[in-house]
Amino acid sequence: MNKLSKIMMFAGVASFAFLSCSNKEKEKTVMTEENKNQESVVYITKNISAESLVKIYEALGVKEEGRVGVKISTGEGKGVHALSMDLIAPLVHKLNANIVECNTAYEGTRHRTDLHKHTIKEHGWEKVAKVDIMDEEGEIKLPIKDGKHLKYDIVGSHLNNYDFVVNLAHFKGHQMAGFGGVLKNQSIGFASTNGKAYIHSAGKVESMETLWSNIAAQDDFLESMAEAAKAIADKFGKKIVYIAVMNNMSIDCDCNANPAKPLIKDYGILASTDPVALDKACLDIIFNMQVTEDNNTKPLIDRINQQHGTHIVDYAEQIGLGSTKYTLKSID
């Protein structure tokens, strides 16, 4: 099995009864319980179009400011299922934004900056906007408070060049995480190559060369992704929003150069200021969708269950990143 194949395979709340816990721990518990009781708004449109993407962004009511980065996946190889340029271009232009990316960990068409730039040019992304490979000139470490696995999040140094971020994810399956949504786009997606190794090893190593003997247990990996996602959320505060496009929903990620054919009908676009609520809403849609001959969710659900993928939203809620309770609000 080659190296690419290997890496593609990976893909408490404290009780008030403990009187010995510190005031800081008590405050953390209260914040976590409050987050669990909040009901976030998730906007939805069944119309997958450039106009609807702009409309659902505007529905969030969060005004962009300063230098804006739109985080997408530019797609591996031919990028057959990645979000299309025609879909995202009007939003990127409206925000006067750069597209932001990071190099991958596996050996493919985007694991070095020179290869990544070639792939970006080959796909035509440079015709939409400047694509900033954030770890081209190095990396920085963002603090993670009270992390169970990670002490920090290792991201591209160019992240400091941005004041406002749109986390624009393509919701689909994933070989290692079970599914890829905004939480994965914010964790693995923002991480530098070393940062990706750090997350996959749940904080044990910071290099791909030493990752293979330090691969984390699955739940530890998922929890590490949630912790890394929270580091980004903590950095930007209210200056980050989340959008997920539910189309071309293969069981495989856009990082797979030869993904499986999607068996699920395109569904729509969802958006929220709460990444946990957004990923949970997307999952609920898939798990509750009626299976028909031309709309088969079973392979994707099986993959999510095999990788215990839903654990990331539960843990993300536990650490205060957002709430799994939400209300869907149509903009159609």
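At-a-glance table
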{"item": "Elements of type helices (runs of 4 or more DSSP H) in region 153-248, at least 2 residues being of a type in the set (S, T, Y) and either out of contact with any Cys (no Cβ under 6 Å at 6 or more places or on another chain) or open to solvent by 10 Å² or more (accessible area, probe 1.4 Å) (or both)", "result": "193-200"}
{"item": "Residue in region 91-104 that is at pLDDT 95 or above, assigned to a helix (DSSP H, G or I) and surrounded by fewer than 20 Cβ atoms within 10 Å (Cβ to Cβ) present", "result": "yes"}
{"item": "Region 301-332, residues that are among the basic types (K, R) and either outside any helix (DSSP H, G or I) or open to solvent by less than 40 Å² (accessible area, probe 1.4 Å) (or both)", "result": "K325, K329"}
{"item": "Within region 275-300, tally of residues that are open to solvent by less than 30 Å² (accessible area, probe 1.4 Å) and under 16 Å from G180 (Cα atoms)", "result": "12"}
{"item": "Residue check for K145: closer than 24 Å to I269 by Cβ, out of contact with any strand residue (DSSP E or B) (no Cβ under 9 Å at 6 or more places or on another chain), among the charged types (D, E, K, R) and modelled with pLDDT under 95", "result": "no"}
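Rundown of residues vs (1) of a type in the set (S, T, N, Q); (2) surrounded by 13 or more Cβ atoms within 10 Å (Cβ to Cβ); (3) at pLDDT below 50; (4) over 22 Å from I331 (Cβ atoms), yes/no style:
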position	(1), (2), (3), (4)
S15	yes, no, yes, yes
N23	yes, no, yes, yes
K28	no, yes, yes, yes
E34	no, no, no, yes
V41	no, yes, no, no
K55	no, yes, no, no
T74	yes, yes, no, yes
K78	no, yes, no, yes
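The values are calculated or read from the model by the stated rules, or taken from the named source; none is laboratory data. Only a predicted model underlies this, so the values are computations on that prediction, with no experimental measurement involved. Positions of Cβ are generated from backbone atoms using ideal geometry, with glycine treated the same way; all protein chains shown enter the neighbour counts. We work out accessible area using only protein heavy atoms, side chains counted, and drop any ligands, DNA or RNA first. Shrake-Rupley method; radii C 1.70, N 1.55, O 1.52, S 1.80 Å.
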